[in-house]
Amino acid sequence: MCATYESDLHFDDLPFELVCEIFDYLPLGDVKTASSVCQRWNAIIFSEVYIHRFQLQLNLDYSLPVLKQMAQLLEASDREYYSVVLRANLGSPLTDARLRIVKLMIRLLASRSESLYFNMADFRIESCVSERLLRGRKLQVIDTRAKYIPLGMGLKESMLAAICEYAVELVDLVIAEMNINNPKALVPLSSLKHLKLLLISDYYPYVKPPEPPINLPGLENLSLIKVTDESCHYFRVDNLKRFFIHSTGTDAPRTMDFITQNITQVSRLCLHFTARSIQAEVIFGWLDRFPNLLALELAGVALPGDVLKQLSPANRLQKLIFVSCHLETLQLDGLLEKLAKLRLLCFDGCSLFHKQSGFHPVHYDDIEGLRQRLPHCRIMLDYD
């Protein structure tokens with residue numbers, strides 16, 4: 001009788017190819033879990049050879065019958081992919097068959113995620129882990145013919161519409177590098193009733209709508225980066241807690257006017273500008289329009305010593321954060337009287353003017369006087 005030893009049957013003795021075949025029976029989520037079991041499994045699962053087993057590449061330039069057959073096969077398959085690359089000549093018409101496959105891939109991607117990242121510049125959609133915004137599954141459309149993209153705008157809007165149709169349970173959505181000014185492009189977002197975080201960059205509508213066309217009643221965090229002031233008017237957000245805007249405008253009163261016509265109930269307001277000529281003192285004069293405001297973040301402006309002169313003493317500010325600002329002095333006029341409730345004051349990446357040598361980064365020695373003047377307020381140079 002032949003003796004059998006446990007060591008002869010160890011899983012680690014199986015060849016690489018056979019281990020890959022075994023892992024193929026696992027759902028994609030379980031494969032990720034298996035990668036943390038031991039170093040060898042991790043090395044196998046994240047090897048270039050194995051990763052390609054979860055990458056799907058499709059050419060959308062095939063004939064109509066072939067595209068229909070591809071769609072039927074994909075719809076009947078339960079195979080999961082971490083990455084889908086759709087190759088297409090974006091100079092060709094966006095046919096129903098091509099759009100059907102794009103929508104199918106978006107549906108499969110969005111159905112398993114509460115967070116999506118959509119980069120419109122390179123037609124890329126990625127799923128994320130909500131807590132850390134780590135990227136997960138990915139869909140990308142690649143132009144197979146140079147950079148000629150006359151139809152790109154239609155595809156962008158179709159992809160966004162598909163997200164809104166198939167990812168109705170989304171909690172977080174990032175739409176990066178839109179580079180469009182179509183005021184109707186974002187209207188389908190109203191279908192995302194569970195959305196709590198929305199970040200949009202490079203959106204340039206120049207027409208103010210009579211009523212906000214995008215209604216997001218559950219949204220708590222809205223960030224508009226590199227946008228026109230008019231973009232504020234496209235969102236009805238009755239329960240918003242944090243609003244961030246990086247405005248391309250140079251007229252502070254106009255920017256604040258646009259914001260306060262539609263967004264006033266926030267407890268945290270972040271205002272980032274690109275022009276140092278912005279009149280910062282005017283901004284403080286508008287803060288009484290925000291009755292619940294507890295934290296203000298102001299970036300990219302010059303701060304004179306009397307910047308607080310228009311701020312109402314009745315304000316409730318507890319946190320004041322200056323980012324990349326140029327200050328004449330740290331001892332702002334009326335600091336004690338106007339900011340009696342302040343508990344945190346931060347100068348993140350700011351510069352202070354010195355008569356002898358001009359502007360220099362604010363150092364810890366510079367804020368020592370403020371710490372003595374405001375003993376109940378935390379003074380910081382960096383804010384996370």
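Data table
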| read-out | value |
| --- | --- |
| Residue tally, condition farther than 16 Å from Gly218 by Cα and not polar (S, T, N, Q), over the range 158-173 | 7 |
| Number of positions in the range 338-362 that are part of a loop (DSSP other than H, G, I, E, B) and more than 19 Å from Gln372 (Cα to Cα) | 5 |
| Cys270 open to solvent by less than 60 Å² (accessible area, probe 1.4 Å), touching a strand residue (DSSP E or B) at 6+ places or on another chain (Cβ under 9 Å) and farther than 22 Å from Asp202 by Cβ | no |
| Any hit, the range 247-269, residues being touching a Phe, Trp or Tyr at 6+ places or on another chain (Cβ under 8 Å), part of a strand (DSSP E or B) and not basic (Lys, Arg) | yes |
| Matching residues, the range 338-352, being open to solvent by 30 Å² or more (accessible area, probe 1.4 Å) and over 21 Å from Leu311 (Cβ atoms) | Gly349 |
| Those residues of the range 353-372 which are charged (D, E, K, R) and either within 25 Å of Arg268 (Cβ to Cβ) or open to solvent by less than 20 Å² (accessible area, probe 1.4 Å) (or both), in sequence order | Arg371 |
| Long-range neighbours under 6 Å by Cβ, at least six apart or interchain, first residue under 16 Å from Asp96 (Cα atoms) and of a type outside the set (Gly, Ala, Ser) within the range 43-68, second in a helix (DSSP H, G or I) and at pLDDT 70 or above | Leu60/Arg98; Leu64/Ala97; Leu67/Ala97; Lys68/Ala97 |
| The range 341-365: number of residues that are within 27 Å of Leu293 (Cβ to Cβ) and either at pLDDT below 90 or among the hydrophobic types (A, V, I, L, M, F, W, C) (or both) | 8 |
| Inter-residue pairs, beta-carbon under 7 Å, first modelled with pLDDT under 70 and in the range 74-95, second small (Gly, Ala, Ser) and open to solvent by 50 Å² or more (accessible area, probe 1.4 Å), 6+ apart | none |
| Among residues of the range 292-337, those that are surrounded by 17 or more Cβ atoms within 10 Å (Cβ to Cβ), charged (D, E, K, R) and assigned to a loop (DSSP other than H, G, I, E, B), counted | 0 |
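The values are calculated or read from the model by the stated rules, or taken from the named source; none is laboratory data. All figures in this text were calculated on a predicted structure; none of them were measured in a lab. Cβ: placed from backbone, ideal geometry, glycine included. Neighbour counts: every protein chain shown. SASA here: full protein model, heavy atoms, side chains in, ligands and nucleic acids out. Shrake-Rupley method; radii C 1.70, N 1.55, O 1.52, S 1.80 Å.
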